[in-house]
Every structure is written in structure tokens, then in C-alpha cells.
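Each reported figure results from applying straightforward, stated rules to the coordinates on display, with no laboratory input. It should be emphasised that the depicted structure is a prediction, and the values quoted were computed from it without experimental measurement. Heads up, the Cβs are rebuilt from the backbone with ideal geometry, glycines too, and the neighbour counts pull from every protein chain shown.
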Amino acid sequence: MSSEDFARILALLSPDHEEAGRRYTRLHNRLTGFFSMKGISDPLTAADETIDRAVLKIGAGAIVPDVDRYCLGIARNMAKEKRRRAHRETLAFHKFIEYADDFPVKQLERIYGILQPCFEQLSVEEQQLLAAYCQRIKGTANAEVRRQLAETMKMTMLALRVKVTRLRKKLTDCVQKRSNSLETASPISNKPPIWSIFL
Amino acid sequence: MNDENIIAYLLEELPEDDLERFEDECFAQESWPVEIDLAEQELIDSYLRDELIPERRHRFEQNYLTTEARQERVSIAAALLRRLDEYNASSTVIVSQPPLEPTWTRRLRAFWSRQTWVLRAATAVAVLAIAGSLWLFRTPSPRIFAMLTLTISNNNRAEGNQSSTVKLPPNAEALKISLRLPQPSLPAAGYRVELENDNGETKSVEIAGKDAQSVLVVIPAAQLAQRQYALKLFAIKSDGTEQRVNGTYFFIVE
């Protein structure tokens, strides 16, 4: 996006430069959340791309009374396109699994191996919290255990859930970072997945 | 916006209009709602723990697991749950804990290979590892349980049935009761158990696990006095409705 394009979209968001910057950040964050919810890989880039497309259309003369809604419309279309593509990849992936039956377990064992040091990096309290929250108990008993856990930690249930989700996000980021730094092919790495030969 | 609504969205159970309305609602908020990540994480855990009803499990596989990013989320969650199961297993003393590894392997293989999923899930359901009713968060000492196994009785107390008796040791934290299911058992996605004392007062009881033959419940010792109790079992069907299992489990605390 050129600086003129960026200035154009900021002007549409608000005449006040500072307020426009705040709204831009808010728009970008929500677009990122939207793509993440849709299961799109690299939601940050997808959010950038959405705004780029909006800017192009506005530059080409599109009348846009509400930039947020306009961008959401573009994002919906992009998500559909990306999911159609992803669906084709999923079919190829399953075809590959049929071809190499023990691949999934090997792959997941590998992820497990990568996760281990990430888990060890957490503090003992964080490890204990995750283990307590995610222990294998079914149904309503599980809810009761978590309620008591929140009570013990003097937190609301929502605060406890947010804390656990953030810890898991931290672990996921660590796994992705470590995985990408390894040379072997993997669906987590940025290289084309091995099963793409079936596409 | 609540968990159920978010899960219905993720599994594409909502009609097209509601789906768009849900997205509009999310987008209208000042920041992207954190509840979505929370509910999604718990949905993934429920799938891996085999806790979804069959219809939802099917929709999870057909409608949710459609992108590489989501497959990656599930595989990382699977690795983490395995790690946490091992962590829990090494931190507490558990009576008759089944081995973890074969279950995990089956679950993962099943997860990645849709064609064989149903068969493997059917056997995976039988395995449950219970690390106690409540994690002793700051005191990782082993928990002490009293154990009891009960079979269902079609009599009532007035008819003078023979109740099992249990004496709780002073240091027991809880009573674990294995309720043997009448065979053939009702098809059930889950169970609910009610504890009734001889004054007719009832309360829900924590279910710690189940398999094809039994349901395991844990009752904190603090909730039990020296008196007679009855446990009533309800089968929860896949559509969410309940059916009382005929008969009652009786026991006496001495």
C-alpha cells in the first residue's frame, strides 16, 4: 500500500489523524480476528490484503459510506476464496494419509517433541494451572472442578479461561516458531506441505 | 454471544442469516471478542477427549476441520493434552489408572484418518484417566479415596434391600463409587448422577469417568454423614434429553 493509499483510507476512517490511526488499528485487529475465526492461515496478512483491496476499490471510485462494513464484506469474500482453496488442500492431505498410513502419528509425535521444551519453559505454576484446568474429567464434573479452581485462585471463571487460553497461545506460538526453525518438512512450516504433491 | 452460539457458528450449524449476524455482532465490538478463542479451544479439547455427541463430532470433522490452520490447532492441542495427561499422571497417585499412550495414539490416528475414526473412537471411549475430583493446586500430595462398587437394585428402601456399607477413614478426602451399569446398558452420550440421603435431600454428584460397564462417581467426604444414601442414574442421550435408568444404587456410610 502506498502512502497516498494509506492516507486515503485514514481520511475515510476519520478526519482527525489520531482518531483515524486508532480506528485503523481497531479495524485491522478485528479483521485479523475474523480470519483467525475462519481458520485462515496467516490472518495478519489476510487482514492487510483486505485493506489493500478496499483501498484499491475506493481509489477506483467505489462509494463507501462505512469502511468497517465494506472491509467486512471484502473479508467474507476472501475467506470464502481461501477456504475453497484450503478444502482442496484438505482433500489432498487425506489422500496422502491413505497413501502413508503412519504419517499422522509420526507427524504428531514430532509436534509433541517440539512442544516438550516449550512446556518446560513455562513456570511450575503455569504448568500446574494448565494441568489442573485441562485434566481429563467429563461433563459437569469438569465444570465444577474449574469453578473450584477459579475460586482457589480468587479469579472469575472468565479470567481463568482467558489466562489458560493465553498460556496455550504462548505454547502454540513457541511450537510454531520452533517448528519453522527446523529444516524438516512439516504442515507447520512455511514450506509447501509434503502432501501438496497430491493436489 | 455465548459458548453455545460460538460453537454453533464454528460447526456451521447456524443458518446463513444467523451466521452473518454473528459475524456482524463480532465486528461491531470495540475489540475482537476473546470468548471466541476460549470456546474454540474447548471445542477442540472436547473433540480430542471424545466428549462431543456424534452429530457434533461429525460436523467438527466435516465443517470445522476444513483448513490447514485449524488442523494445526487441533494437532498442537492433541500434543498438549497428551503432555498434560502425563503431567497429571506423574503428579498424583491414582487408583487403577489406565495406560495413556495407546489411547492417545488411537485418538491421533483416528483424528488424522477420518475413515477409521468411528471404529477407533468406539474403543477410545472406554478409557478414562481421572486425576481426582479437584486438582490440589498448591499441595501436590496424593489424594486418599475410599472405594466402593455398587450394582443397581430395583427394590426401594422400604422393602429392606441390602445396602453396601462403607466406613470412611478419617483422612479420606472422597468416596469413589463405581456404579455397575445394568446390561445391556441404555445408549448414552453421557450420564448424570443424583445423590439422595434418607431425608430425601438430593444433590448432583461429580462423574469422574465411565466405560461400557460402569460409571465412576466421586463424592467429597465432607458431603457424607453416617446415614443411608441412594444414587439415581440418568442416561443423557445424544439429543440432550435424559432418561432415568431403572433402579437405584444404595449404600450406607458407617
The FRET efficiency for B:E4 and A:T45, from their Cβ-Cβ distance with R0 = 35 Å and rounded to 0.05, is 0.65
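Explain nothing, just the number: dipole magnitude of the stretch B:172-254 about its Cα centre with +1 on each Lys and Arg Cβ and -1 on each Asp and Glu Cβ, in debye rounded to the nearest 20.
With Lys and Arg at +1 and Asp and Glu at -1, about 200 debye.
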Along the Cα-to-Cβ line of B:S164, 7 Å from the Cα, sits a label point; which residues in the stretch B:184-227 have backbone N less than 11 Å from it? B:215-217
Other protein chain Cβ atoms within 10 Å, averaged over every residue that makes up B:22-29: 4
Say each of B:E242 and B:N63 gets a label point 7 Å from the Cα, pointing the same way as Cα to Cβ; how far apart are those two points in nm? 2.7 nm
Label A:R22 and A:D66 with points 7 Å out from Cα along Cα→Cβ: what is the distance between them in nm? 2.1 nm
Label point 7 Å out from A:R84 along Cα-to-Cβ: which residues of the stretch A:44-65 have amide N under 13 Å? none
Label 7 Å along Cα→Cβ of B:D18; the stretch B:44-68 residues with amide nitrogen under 20 Å? B:44, B:52-65
Ordered by residue, what ³J(HN,Hα) values in Hz, to whole numbers, does the stretch A:141-149 give under the Karplus form 6.51 cos²θ - 1.76 cosθ + 1.60, where θ = phi - 60° and Gly and Pro are x? 4, 4, 4, 5, 4, 5, 4, 5, 5
With 0.36 nm assigned to each residue of separation and the Cα-Cα distance removed, A:L122 to A:A159 gains 11.4 nm
With each label point set 7 Å from Cα along the Cα-Cβ vector, what nm distance links A:K170 and A:R147? 2.8 nm
Which of A:K106/A:K169; A:K38/A:K170; A:K106/A:K163 exceed 25 Å between C-alpha atoms? The answer is A:K106/A:K163
